[in-house]
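**Q** Here's a structure for you.
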Amino acid sequence: MQDRTYTADAEPGDDVTVAGWVHEIRDLGGIAFLILRDTSGKIQIKFEKDEMDDDLVETGLDASRESVVTVSGAVEEEPRAPTGVEVTPESVEVVAPADPELPLDPSGKVDADLSTRLDNRTLDLRKEDVQSVFEIRSGVLNAVRDQFREFDCTEINTPKIVATGTEGGTELFPITYFGEEAFMNQSPQLFKQLIAGSNVERVFEIGPIFRAEEHNTPRHLNEATSIDFEGAFCDHQDAMDVAEGVVKSAYEAVQENFGDELEAIGIADEFEVPEGDFPRISYEEAIERINATGELDEQLVWGDDLSTPAEEALGQDVGGHYFITDWPSEIKPFYIKDHDDDPELSTGFDLMHPRMELVSGGQREHRHEKLIEGFEQQGLDPDQFEYYTKMFKYGMPPHAGFGLGGERLIMTLLGLDNIREAVLFPRDRQRLSP
Ligand code: ATP
Ligand code: AMO
């Protein structure tokens, strides 16, 4: 790496070479300042026109905003400088000039709409608040990994090109695989179960999922990051405990390590780690409570899925994270196990943030015959899934798991308006590049 000092590490008395982008030039006449920005912060470079070499002054002050420059010089204390120090330059080099016509203002003084921001993500990420979202995202994924390791899980990676879908046929992206029909995977569901049934027992995966969602909403992506868990000898209650632990660990890590980033995003004062156990509300109670709010035009009846307004009404009523448990079997997928004492009721659960669903999970059907029956009830051909079902003949333990939407976790944790703000290069109906 180039011999350079991060701006945040420049101390009075040091001779440094700093490298970064021209954030701003302030010309006050006899004195002018170049504010240089790098990943660690900003530093003021001082040009005293009468006392410095003309070429040096010209190179520094003629550099267009967002050009990449390196500056060598002495660091001095200067109380009037934004960071309390400034550099008196001995040399300035423009390493990569920037076109003065910028499509987006990285100083953030001029607002840009989301579409312009996403089209120019490199410039967008030069803004401190935007960079902070992705520093936090990286920190959250670290915390989640640590938490899974505490639960004795092994990290796995499963294929993203697959022969069958699991989460609804209309949401599949078809591709051609050497002349055969194949799909982009919607969920690691079947693969994580196949590994939980081995001696590995407890697994997690953080990876992409692909959904051909037709609708364009602020909380759906066509390529999302799924945080998946699967554990042998676990039931749905255990899986809920793990989901709760993982979500809380994300909040705790942000609280502990990302104070400056929360400040930059402007939410440091309101950010809170969720306290206490997340309530576990049955589906039956959920629809009663939603109906009691009077927020919906039509009353919900047993068997209805929860619409967005229904979820929002319940979210407001509960006021924090909560689980919805014991869903009707008929609206949960074939791999979810029903309660032994009531086949109308499933062990499926969702973990909700007041704004939206974060997690789906449940105990799995591990009995071969019942699994095959489940496929038939959902109108799926069990023969197509033989690669999966046959392993249920060779000692498949009871097991349970869940999938947590990574971007939804970041979006709700940081109060972002649009899920696209939590992905570097989102994929949606309109967006296939960059
Ligand atoms: P001119 O009179 O043509 O503006 P000058 O060299 O006399 O040139 P100063 O009077 O020193 O300029 O400063 C001009 C402005 O810049 C003042 O508002 C001063 O507070 C500010 N200033 C001067 N030096 C610094 C510095 N090192 N950091 C930040 N602000 C500074
Ligand atoms: P489900 O389909 O509910 O369950 O997905 C799990 C979680 O993934 C997130 N998610 C999405 N996020 C953004 N855009 C999308 N298009 C999108 N689709 C899903 C949500 C959702 O709660 N196999 C099961 C999980 C399991 O039972 O283990 C599954 O995929 O946050």
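**Q** Could you check, for segment 155-174, whether at least one of its residues is in contact with a helix residue (DSSP H, G or I) (Cβ under 8 Å, 6 or more places away or on another chain), at pLDDT 95 or above, in a strand (DSSP E or B) and within 26 Å of Ala243 (Cα to Cα)?
**A** So the first thing to find is which residues in segment 155-174 are in contact with a helix residue (DSSP H, G or I) (Cβ under 8 Å, 6 or more places away or on another chain), and the list is 155-156, 158-159, 163-167.
Those still in the list that are at pLDDT 95 or above too: 155-156, 158-159.
Those left that are additionally in a strand (DSSP E or B): 155.
Still in the running and within 26 Å of Ala243 (Cα to Cα): 155.
Yes - at least one qualifying residue is present in segment 155-174.
**Q** Just checking, which of Gly168, Gly179 is near ligand 2 (Cβ under 9 Å from one of its atoms) and not aromatic (Phe, Trp, Tyr)? Explain how you work it out, then say what you get.
**A** Numbers: Gly179 fails: near ligand 2 (Cβ under 9 Å from one of its atoms).
Going through Gly168, Gly179 in turn, the sole match is Gly168.
**Q** Give the residue that is farthest from Ala232 (Cα to Cα), with candidates limited to residues of segment 203-217 that are more than 10 Å from ligand 2 (Cβ to nearest atom) and not aromatic (Phe, Trp, Tyr).
**A** Among those residues, the one meeting the criterion is Asn216.
**Q** OK, next. Within segment 108-126, work out how many residues are surrounded by fewer than 15 Cβ atoms within 10 Å (Cβ to Cβ) and part of a loop (DSSP other than H, G, I, E, B).
**A** Result for segment 108-126: 5.
**Q** Go through (1) under 30 Å from Leu432 (Cβ atoms); (2) among the polar types (S, T, N, Q); (3) free of Cβ contacts under 8 Å to residues at least 12 places away in the same chain one by one and return the number of the condition Asn291 breaks.
**A** Tallying (1) under 30 Å from Leu432 (Cβ atoms); (2) among the polar types (S, T, N, Q); (3) free of Cβ contacts under 8 Å to residues at least 12 places away in the same chain, Asn291 fails exactly one: (1).
**Q** If you don't mind, another one. Could you tell me how many of the residues in segment 181-214 are among the acidic types (Asp, Glu), in a loop (DSSP other than H, G, I, E, B) and surrounded by 19 or more Cβ atoms within 10 Å (Cβ to Cβ)?
**A** Initial filter on segment 181-214 (among the acidic types (Asp, Glu)): 181, 201, 205, 213-214.
Pick out the ones that are also in a loop (DSSP other than H, G, I, E, B) and you get 201, 213-214.
So of that shortlist, the ones also surrounded by 19 or more Cβ atoms within 10 Å (Cβ to Cβ) come out as none.
So the answer is 0.
**Q** Being more than 9 Å from ligand 2 (Cβ to nearest atom), open to solvent by 10 Å² or more (accessible area, probe 1.4 Å) and part of a loop (DSSP other than H, G, I, E, B) is the filter; apply it to segment 218-238 and report the residue that is farthest from Gly362 (Cα to Cα).
**A** Within segment 218-238, the subset more than 9 Å from ligand 2 (Cβ to nearest atom) is 218, 231-238.
Now drop any that are not open to solvent by 10 Å² or more (accessible area, probe 1.4 Å), which leaves 218, 233, 235-238.
So of that shortlist, the ones also part of a loop (DSSP other than H, G, I, E, B) come out as 218, 233, 235.
Values: Pro218: 26, Phe233: 13, Asp235: 8 Å.
Among those that are more than 9 Å from ligand 2 (Cβ to nearest atom), open to solvent by 10 Å² or more (accessible area, probe 1.4 Å) and part of a loop (DSSP other than H, G, I, E, B), it is Pro218.
**Q** I've got another one for you. Criterion first (modelled with pLDDT under 95 and either within 30 Å of Ile419 (Cα to Cα) or of a type in the set (A, V, I, L, M, F, W, C) (or both)) does Lys127 satisfy it? Reasoning before the result, please.
**A** Details: modelled with pLDDT under 95: no; either within 30 Å of Ile419 (Cα to Cα) or of a type in the set (A, V, I, L, M, F, W, C) (or both): yes.
For Lys127, the condition - modelled with pLDDT under 95 and either within 30 Å of Ile419 (Cα to Cα) or of a type in the set (A, V, I, L, M, F, W, C) (or both) - is not met.
**Q** Let me ask something else. Could you tell me whether segment 295-309 includes any residue that is of a type in the set (A, V, I, L, M) and touching a Ser or Thr at 6+ places or on another chain (Cβ under 6 Å)?
**A** Our first condition is that a residue be of a type in the set (A, V, I, L, M); within segment 295-309, this holds for 296, 300-301, 306.
Of the ones still in play, those that are also touching a Ser or Thr at 6+ places or on another chain (Cβ under 6 Å) are none.
The answer is no; no qualifying residue exists.
**Q** While we're looking at this one, here's another question. Search segment 6-31 for residues being buried (at least 18 other Cβ atoms within 10 Å of the Cβ) and within 15 Å of Thr88 (Cα to Cα), and hand back the single one that is farthest from ligand 1 (Cβ to nearest atom).
**A** It comes out as Ala19.
**Q** Given Leu172, Leu118, which one is outside the structural domain of Met240 (by the TED database), farther than 24 Å from Asp238 by Cβ and among the hydrophobic types (A, V, I, L, M, F, W, C)?
**A** Working: Leu172 fails: outside the structural domain of Met240 (by the TED database).
After ruling out the rest, the residue left standing is Leu118.
**Q** Filter segment 239-254 for residues that are small (Gly, Ala, Ser) and surrounded by fewer than 23 Cβ atoms within 10 Å (Cβ to Cβ) and give the result. Give the derivation first.
**A** Initial filter on segment 239-254 (small (Gly, Ala, Ser)): 239, 243, 245, 249-250, 253.
Of everything in segment 239-254, those that are small (Gly, Ala, Ser) and surrounded by fewer than 23 Cβ atoms within 10 Å (Cβ to Cβ) turn out to be Gly245, Ser249, Ala253.
**Q** Condition check: touching a Gly at 6+ places or on another chain (Cβ under 9 Å) and among the hydrophobic types (A, V, I, L, M, F, W, C). Does Ala268 satisfy that?
**A** Values: touching a Gly at 6+ places or on another chain (Cβ under 9 Å): yes; among the hydrophobic types (A, V, I, L, M, F, W, C): yes.
Spelling it out, Ala268 is indeed touching a Gly at 6+ places or on another chain (Cβ under 9 Å) and among the hydrophobic types (A, V, I, L, M, F, W, C).
The values are calculated or read from the model by the stated rules, or taken from the named source; none is laboratory data. As the structure is a prediction and not an experimental result, all values here were calculated from the model. Quick reminder, even Gly has a Cβ in these numbers, built from the backbone with ideal geometry, and neighbours come from all protein chains shown. Please note that ligands, DNA and RNA were not included when accessible areas were found on the heavy atoms of the full protein model with its side chains. Shrake-Rupley method; radii C 1.70, N 1.55, O 1.52, S 1.80 Å.
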